[in-house]
1. Restricting to segment 96-132, what's the tally of residues that are among the aromatic types (Phe, Trp, Tyr), under 22 Å from the mean Cα position of the chain (by Cα) and open to solvent by less than 10 Å² (accessible area, probe 1.4 Å)?
2. Write out, first by first residue and then by second, each pair whose Cβ atoms fall under 6 Å of each other, whose residues are 6+ apart or on separate chains, and whose first residue, in segment 803-815, is over 9 Å from Leu785 (Cβ atoms) while the second is open to solvent by 70 Å² or more (accessible area, probe 1.4 Å) and assigned to a loop (DSSP other than H, G, I, E, B).
3. When the residues of segment 555-569 are filtered to those that are over 17 Å from Ala484 (Cβ atoms) and modelled with pLDDT of 95 or more, which remaining residue is least open to solvent (accessible area, probe 1.4 Å)?
4. Among residues belonging to segment 434-450 that are touching a Ser or Thr at 6+ places or on another chain (Cβ under 9 Å) and at pLDDT below 95, point out the one that is least open to solvent (accessible area, probe 1.4 Å).
5. Can you find a residue in segment 308-328 that is open to solvent by less than 50 Å² (accessible area, probe 1.4 Å), closer than 22 Å to Ser243 by Cβ and over 17 Å from the mean Cα position of the chain (by Cα)?
6. Limited to segment 887-902, what total is found for residues that are over 53 Å from the mean Cα position of the chain (by Cα) and not in a loop (DSSP other than H, G, I, E, B)?
7. Answer yes or no as to whether Gly681 is in contact with a helix residue (DSSP H, G or I) (Cβ under 7 Å, 6 or more places away or on another chain) and modelled with pLDDT of 95 or more.
Amino acid sequence: MKKLSLSCVLLICLCVLPQSPVSIKKVLAEEVPYGPWVDTIEVYKIEDDLEALQLLEQNLTQLHIPFITSNLYYQFKDSLNLSYGVAFGLYNELTFNPVGPEFSDGRLNPFSNPKVREAVNYLVNRTYIAKEILRGMAVPKFVPLVSAFSEYQRLIDVIKPLEVKYDYNFSKAREIIFEELAKMGASYNDTDGKWYYKGEPVTIKFLIRVEDERRQIGDYVSDLLEKLGFTVERMYKSLREASPIWLRGNPADGQWHVYTGGWITTAVSRDDADVWAFFYTPLGRPDPLWQAYKPDPIFYEVARKLWSNEWGTWEERMELMRQAVQLSLKDSARVWLVDLVSPVFFRKEVEVVLDRAGGLYTPLLPRTVRYKQVAGGVLHVTGREVFVDSWNPVVRSGWLYDEFLKAFTSDSAALPNPYNGLPMPNTFVNAKVVLEESEQGKVVSSSEWLTLSFTDRISVPQDAWYSWDAQNKKIIYAPENVHAKAKVVVNYGYPLGLVKYHDGTTMTLADWVAMWPLKFERADPVSPLYDESYLGQFEEFRRNFRGMRILSTSPLVIEYYTNYTHWEAEFIVSYVAEWPSIPWHAVALGVKAEEEGRLAFSSHKAEAKGVPRANYIAGESLDILWEELNEALATGYRPLLASEFASQEEAVERYSRLAEWYNAHGHFWVSSGPFFLDTLGYASDKAVLKAFREYPYKADRWAWLTQPSEIEQMIVTACSPIHLLVTDSLGRSVGFDPETNAVINEIPGAVYSGPREEGEVIVIPGPSGVYRVKVIGLSEGDYKLRVEWVSFATAKFTSETFTGRTSAGVVDDYKVLVGPTGSYTLILAGVDIEPKTLNTRSMGKFVTAYIELPAGLRPEDIDVTTVRIGPIPAVTDPKYSFVTNPEEYVVDHDGDGILERMVKFDRKALIEYLQDISTQEEKNSVTLTLTGYVNGKPFEGSSEIVLIGG
């Protein structure tokens, strides 16, 4: 067959990288092409990030898609040829096998015990991982919420005390684990320091990924487990090697106990209510591991309600979220380790839009990437993987690498804004959302394309499509008295007869409705398409879906009725809005093959039936799909509603186009996105994507997306018997005011947890600088104060802890410098400035300052290059002996027996500065603040002088 010869050619040239960049041309505004900016993107598999970055340096490639390790970041960040950006959506964790207490062969699984899993939180030192293994390019993580995004900030008053509670405590971890293992029937041998079960060592099979720092993390955790007395089998695996074991394998077989998991949120998340069900319950995925989860019933119900938005008021939602945070740590099916600050690299000649969460893993990449100021050309792109799992139009691969490539070829109704995560219309024009009056004040909208209104009651019309009769193959219309929480009317414009698919077919109404019954068929046991692993997802769909009807076809306007609500109406639209990116006739091939028991869309059903999983781009599926295509051609096969919305002649024509496509490209992946998958080498991991110039939108459609300004944030946490009050440099305060005994919040955007005995948190958005932190004692005892600072644009994170002792009513006053070099309590120095009276008309050359430091600090250790009054630096010219000679600059000026550091300032420059900041009276008293650093720590002091002379 023709596809075989194509595969042979590909195998010969798969890994041949280009020898020089392809020529490109400047583009005029009228020459902006339809589809993407570039003509071709070639994607290669390069597992070694160092090799990939070296190829970038040589301009043999132009983008390296994966986030790179911290070591390579520091090695390449100053390259003259490369640009980089950072993202915050990547995070690492330990995934546990929950089956037990024994595996099917009788071996003990300690991690089937939730208390053992919970104790691992105490076992791992997340700060060590973040600072030492990841070299400061990460922050400790305890829950599945990304710390850079809004949901974490909403719950910070709950999370921060838990972070302190579950912080590293090896002794506590050992105590709990020893107690629980004994209860499980294991015995500890004091002689060899090992655990045994039924006479055999308790051996932990640890799956450790090797592509990034997870290898070092895995070794670190393995060392800790061995220190506890476990025998650890370190199973170093790549993604391809690990995936069949932990993801697709039966967890009861005990092939693994622990896996170094890595996840990415590819869009800035504004609502993470679904993470608890996704990561801890069978609702999350159909894979065997998820189906083995058995969370506590209370936790499951909390997670399920959040998953399906079953809450009334916002406060009810937040109470469920607060419960979920705490219950997730009790469950600990996953122990979260770090949120990463993740760099990506690309050539300086290339222009891209980076998502703050996903970096280059964004559907906007294929729609924005270009050579600067030019159109056309070939981009050579590398990734650690290219193809990992099966591609089919019904069940997602679940792997980032596959879904990333699919985004080049596909389209969706909405796309996430890369900077704030809010849905943006992609294939629709506008939308109207109508909600019940009870939602007024709870739901908002901030987008011009959306109209939001409220009404007394929303009844589903009886001509709306409501369900599907899988037995009789008939639409079920909405019965009487069906109501919905929301009605959404989406205007898709004029796609019918205009939008093209990659195989040359044109979108019709059949592409929108022919496969609509498929979701019902897969959930009905009478159907040959029934898939048990899909039931959880269907139940969620059925709970929210109340009906739909097509109001017009030109323009195409569809009305949806749903019980799904969201506090931002844009997400209600993105939840219901559709786009048939895969044409019905391509989906039909897989449907036909599954009906006949030859293939299955999901891995769960494929394994259960002993058939291949449907894969539209490679493997044995291709021969089966080719045979199905020939049969469909012969019969004009039109499954489900295709028989009502497409003629037999149209079906045959479409199948003919698909056959031509397959003979030309060697696969069945046909979609409607800005690129099409031209050729591929599945085994050797190369993909060639070509621009689809019949795409309906021009390349500059998303050109308005530019990098926003830098975002910084300070977080102050106290988990002791104290109240907090923080004041910024403008004198604005947030926290508990001890003078009025009241809560105050004068800083825009600041968040205060409120006065709480169990711990308080203050979050302040804004730049680095000096803050005054007051600690108000509630009772006698020791306290800890943690000050964190993060820049979400420059990938800087610092965290410092201060300690003290307090009692009821005692107020400790800290002055803290917060910024990229750390968070420091300002050292208060004594400063004496001479002359005391400064005449602006005098002709002197210098003003002298004497700096006296607190006990334990030496004046000679002051870094004079950092000393300044306002913007005026101290004189550091070595031609002056008072700069270079310690006998001159280390003195006891006031004769109190304590040495001071003498520094001088340019008199003229200082007077000009003082005239700018003082009033124009004949005589002015001015307080001068002198700042600097000693031993790397900041200090400041003030002195008053009189300015005369006008």
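The values are calculated or read from the model by the stated rules, or taken from the named source; none is laboratory data. What you see is a predicted model, and the numbers here were worked out from it, not measured in a lab. Cβ placement follows ideal geometry from the backbone for every residue including glycine, while neighbour counts extend to all protein chains displayed. The accessibility values were calculated without ligands, DNA or RNA, using every heavy atom of the protein model including side chains. Shrake-Rupley method; radii C 1.70, N 1.55, O 1.52, S 1.80 Å.
1. Residues meeting the conditions: 1.
2. Here the result reads Ser807/Glu780, each pair linking segment 803-815 to a residue that is open to solvent by 70 Å² or more (accessible area, probe 1.4 Å) and assigned to a loop (DSSP other than H, G, I, E, B).
3. Top of the filtered list is Leu556.
4. Step by step, filter segment 434-450, then rank; the result is Val443.
5. No: zero hits.
6. Total meeting the criteria: 3.
7. Judged against the criteria, Gly681 is not a match.
Residue-wise test of (1) within 30 Å of Asp402 (Cα to Cα); (2) touching a residue at least 60 places away in the same chain (Cβ under 8 Å); (3) among the aromatic types (Phe, Trp, Tyr).
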{"position": "Ser187", "(1), (2), (3)": "no, no, no"}
{"position": "Asp192", "(1), (2), (3)": "no, no, no"}
{"position": "Val202", "(1), (2), (3)": "no, yes, no"}
{"position": "Lys205", "(1), (2), (3)": "yes, no, no"}
{"position": "Asp212", "(1), (2), (3)": "yes, yes, no"}
{"position": "Gln216", "(1), (2), (3)": "yes, yes, no"}
{"position": "Ser222", "(1), (2), (3)": "no, no, no"}
{"position": "Lys237", "(1), (2), (3)": "yes, no, no"}
